Structures are given as structure tokens and as C-alpha cells.
Amino acid sequence: MAESTQVTGHKTQKIGIVVESKMAKTIVVEVSRRVPHPLYRRVVTRKKKFYAHDETGDAKPGDRVRIVESRPLSKLKRWRLAEVVWRASQVQ
């Protein structure tokens, strides 16, 4: 679950896991990254949640998705869904 950030032009992309998709056209994506602790130099995992716009409602919880930076769409949404990289297995 390491963060993958790349810059294409001026738009930043991140890869993360969808943790919530209950809102209309909005998903919550958790992006994790591994960084050394500033004092102890041990590698720790940092997580951050991003609200992203999902127009078609394609992403489900557990899916790995790529989100792209965009203009502000609401108070919290500054990202939009680019693609679903990997689908989670849905338990029936």
C-alpha cells in the first residue's frame, strides 16, 4: 500500500485504497506512504484520506484507484477518480 505519486504536467496523481463510497459521486481514498521518523530514523507508515469525485460511482470499498488533482469541486473535494487500478473481491 505504498503511495505512488507522479506529476504529469501540473496534475499530481496518487494511488490509494477506497475506504468509503456511501456519498453520492464521492469516494474517500486512503493513501499511505512510508517515511523515516525524524528523531528515531525508523520507517513508519503515514496515512492520509482524500475526498475524490467519482462521477459514475464505479469505485467500491477495497478497490485500488488512481486519483488526479483537479480544481476545487466542493469544500473538501480537490481530486477526481482517474481509473480503478485493481478491483477488490466482493464477498456475497
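Readers should treat all values here as calculations from the given coordinates under stated rules, not as data from a laboratory. Quick caveat: nothing in here was measured; it's all calculated off a predicted structure. Glycine also receives a Cβ, built like all others from the backbone with ideal geometry; neighbour counts cover every protein chain displayed.
Taking every DSSP beta bridge that has both residues in the chain, what percent is antiparallel when rounded to the nearest 5? Each step should come with its number before you reach the end.
Values: 28 of 30 bridges.
Beta bridges within the chain, antiparallel portion: roughly 95 percent.
Can you order the peptides 11-20, 56-65, 80-89, 41-50 by their average number of other Cβ atoms within 10 Å per residue, highest first?
Numbers: 11-20: 17.7, 56-65: 16.1, 80-89: 14.0, 41-50: 11.0.
Descending mean neighbour count gives 11-20, 56-65, 80-89, 41-50.
Run the numbers on region 6-86 and let me know its relative contact order in percent, using alpha-carbon pairs under 8 Å that are six or more apart.
Numbers: 177 pairs, mean separation 24.2, N = 81.
Across region 6-86, relative contact order equals 30 percent.
With +1 on each Lys and Arg Cβ and -1 on each Asp and Glu Cβ, how big is the dipole of the chain about its Cα centre, in debye rounded to the nearest 20? Mind showing how you got there, number by number?
Details: 21 positive and 9 negative charges, 95 e Å.
Approximately 460 debye in magnitude.
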